[in-house]
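Values quoted throughout were computed directly from the atomic coordinates according to the rules given, and no laboratory measurement underlies them. Worth saying up front: this structure is predicted, and the values here are computed from it rather than measured. Cβ sites come from the backbone with ideal geometry, for glycine too, and all protein chains shown count toward neighbours.
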Amino acid sequence: MEFNFAQNLQYCHEIVQDVSNLLYVSHIPSAIAALVIGYFVLTKSNYSLLGKILFSIAATFSLWVISNLIIWIYYNHNGLVMSVWASIEIFSILLYVLFLYFIYVFVEKKDATTVWKCIALTPLIISIFISPTTYNLTGYDIQECIAIENPIYQEYFRIVKIVFAVWIILLAIKKYIQSDKVMRKEILLLGTGILIFILSFFVSGYIAEQTELFVYEAIGLFGMVLFIGFLGYLIVNFKVFNIKLIATEALVVTLIFLTGASLFNAKEFTDLLLTGSIFIFICCTGYFLTKSVKREIEQREKIEKLAGELSLTNDQLKELDRQKDGVLHMVAHQLNGPVTTINTLTELLLDGTFGEMSGEQRENIENVRAASQKMGAQSSMVLDAAKIRGGKLPLKAEPIELGSFFKDILKEAEIRAQSKQVQLTVSLPSAQLPTVMLDRKYTQLAFDNLLSNAIKYTALKGEGGKVTFEVTIHEAKLRCVVKDSGVGIPKKDQGHIFKELYRASNAGKEGNGLGLNVALGAIQAQEGKIWFESEEGKGTTFYVELPLKPANEAGGAVAVKVEPAEKPAKKGSK
């Protein structure tokens with residue numbers, strides 16, 4: 001049968017008409033969607049490098065789409081088809097180059113080197129020189145209305161695309177392994193979006209070539225829509241390109257446009273009804289999505305602003321705290337010299353080194369010595385608090401016979417209680433107390449502070465107050481209870497009572513707010529626990545637990561990290 005040109009044109013026309021709906025839905029909306037997103041990202045990212053690359057991807061993709069559409073529509077203009085067909089693969093190679101460049105800049109956060117760009121552009125340059133020659137297209141098949149391609153050159157195109165795809169995957173995997181958790185999510189999302197587009201673009205083209213059913217190329221274009229979806233998610237959730245609400249609006253508009261294009265191309269009533277329902281659904285959900293994202297962005301900006309202010313305030317507080325520490329440390333050291341001098345001179349005076357004194361003179365000197373010793377204790381406590389705050393408290397474990405140890409502590413406490421007219425009751429085990437390894441200085445300091453506070457705040461309530469000191473040993477643990485009938489600790493103050501320089505609102509004027517902080521540090525540094533129970537107006541009970549190590553175990557000077565508790569431990573806590 002002889003070739004009939006008119007019949008052949010009619011045959012080609014029917015093929016194009018059969019797939020025209022798919023062509024318009026796949027080509028035009030996807031090209032416009034890519035350009036819209038590319039334009040928004042370019043302008044709203046202040047023409048950043050990533051924005052420029054993305055817009056170049058959108059423009060190149062649109063050129064490929066337009067070229068492909070021209071080949072379909074103007075099938076009877078073989079000269080035009082040959083010209084466009086010769087250049088279309090240049091756009092596809094350029095797409096791969098741009099996608100590789102895009103993910104490189106995204107993960108590396110910098111532009112590529114000149115050498116890197118030259119290597120990536122080499123296949124593109126080769127394509128530009130070869131495409132217009134017969135090495136690419138050898139002729140035009142007027143019966144099938146298609147160009148005749150050189151199989152060797154087509155194989156070259158496939159190899160180049162595979163190499164670029166592998167390059168993109170390896171680059172993403174390498175940076176994924178090196179990145180933190182947040183960046184990994186971004187790389188995974190972007191890499192998945194690019195990979196979906198590349199695979200759909202490549203596979204659909206390959207199937208079309210093998211089957212000579214080039215309509216499959218149209219299906220592959222929907223991969224661009226999926227890539228835009230992944231990109232939109234990155235923009236909204238990870239603030240990629242520093243774009244906020246406008247990206248969501250652009251994404252919603254794009255989706256509405258894509259669905260609207262399908263609506264206008266629907267011919268059957270069923271297709272029209274289904275597409276129309278989807279169009280209305282996307283319009284409604286897009287509206288609520290935009291409002292939701294806007295609200296989320298506003299809340300996030302408020303939180304970020306508050307976080308920034310809080311960070312600034314925190315830095316200022318740290319600086320003030322550092323200055324306070326410096327002043328206290330300096331004052332404590334400056335006081336040590338005069339206090340030592342006064343103590344030495346009063347000792348010499350009381351010893352009679354400078355001659356005999358009358359009873360009244362001796363009494364006055366003893367008062368001076370007592371005041372000086374009290375001042376020295378206060379300055380030492382400031383230095384101890386600084387050591388605790390620094391995270392290290394130097395301990396020197398030594399053998400301590402607990403019987404004589406508590407006897408010395410209680411001797412001073414009894415004198416203090418008598419002067420305040422407070423009844424002190426002591427309960428010690430009947431059996432001889434063991435000799436254990438403890439730091440004498442800081443353990444004694446802790447119990448001195450607890451007993452001193454108990455007596456002081458019991459006396460503050462009035463006459464007739466009682467303080468009980470009870471010691472028990474059970475399962476290699478020393479447990480001490482200091483109970484008073486004093487003013488108690490107000491509930492609002494109980495969560496802060498161990499904090500440095502904190503004093504309860506009913507504590508009176510006497511005291512510096514360091515005693516309990518130092519006691520906490522001294523007990524915790526020896527792996528012990530301290531907690532309390534209190535009720536305002538009815539008194540307070542402090543509990544201390546210390547693990548006991550036999551005196552034959554190794555001792556020596558150690559530096560123990562101390563972490564003062566923000567809240568006091570409760571009775572029975574582990």
- Message: My understanding is that a pair violates if its Cα-Cα distance is over 19 Å; which of LYS456/LYS483; LYS396/LYS499; LYS110/LYS174 do that in this structure?
- Response: LYS396/LYS499
- Ranked by Cβ crowding within 10 angstrom, fewest neighbours first, how are LEU190, LEU137 ordered? LEU137, LEU190
- Query: Tally Lys/Arg at +1 and Asp/Glu at -1 over every other residue whose Cβ is under 11 Å from the Cβ of GLU108; what's the total?
  - Reply: +3
- Query: Give me the Kirkwood hydrodynamic radius of segment 5-245 in Å, from all C-alpha pairs, to one decimal place?
  - Reply: 18.9 Å
- Message: For ILE162, project a label point 7 Å along Cα to C-beta. Then give me every residue of segment 81-96 with its amide nitrogen under 20 Å of that point.
- Response: 89-90, 92-96
- DSSP loop trypsin sites (Lys or Arg not before Pro) in segment 90-173 with at most 12 other Cβ atoms within 10 Å of their Cβ, which ones? LYS109, LYS110
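Order these by the 10 Å Cβ neighbour count, fewest first: HIS474, HIS496.
HIS474, HIS496
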- Query: Can you give me the Cα centroid spacing of segment 162-193 and segment 36-66 in angstrom?
  - Reply: 21 Å
- Query: What spacing in nm lies between the two simple spin-label points modelled at GLN361 and GLN299, each 7 Å away from Cα in the Cβ direction?
  - Reply: 8.1 nm
- Message: At 7 Å along Cα-to-Cβ for each site, give me the label-to-label distance between LEU350 and GLU463 in nm.
- Response: 3.0 nm
- Task: May I ask you to sort LEU195, LEU428 by Cβ crowding, counting other Cβ atoms within 10 Å and putting the fewest first?
- Result: LEU428, LEU195
- Task: Can you tell me the FRET efficiency between LYS420 and LEU320 if r is taken as the Cβ-Cβ distance and R0 is 51 Å, rounded to the nearest 0.05?
- Result: 0.90
- Item | Residues PHE281 and VAL182, FRET efficiency given R0 of 45 Å [Cβ-Cβ distance, rounded to 0.05] | 0.90
- Once you put a point 7 Å from the Cα of VAL115 and another 7 Å from the Cα of LEU310, both along the Cβ direction, what distance in nm separates them? 4.8 nm
- Message: I need the Debye-formula profile for segment 391-561: one equal scatterer per C-alpha, no solvent, reported as log10 I(q)/I(0) at q = 0.11 1/Å, two decimals.
- Response: -0.45
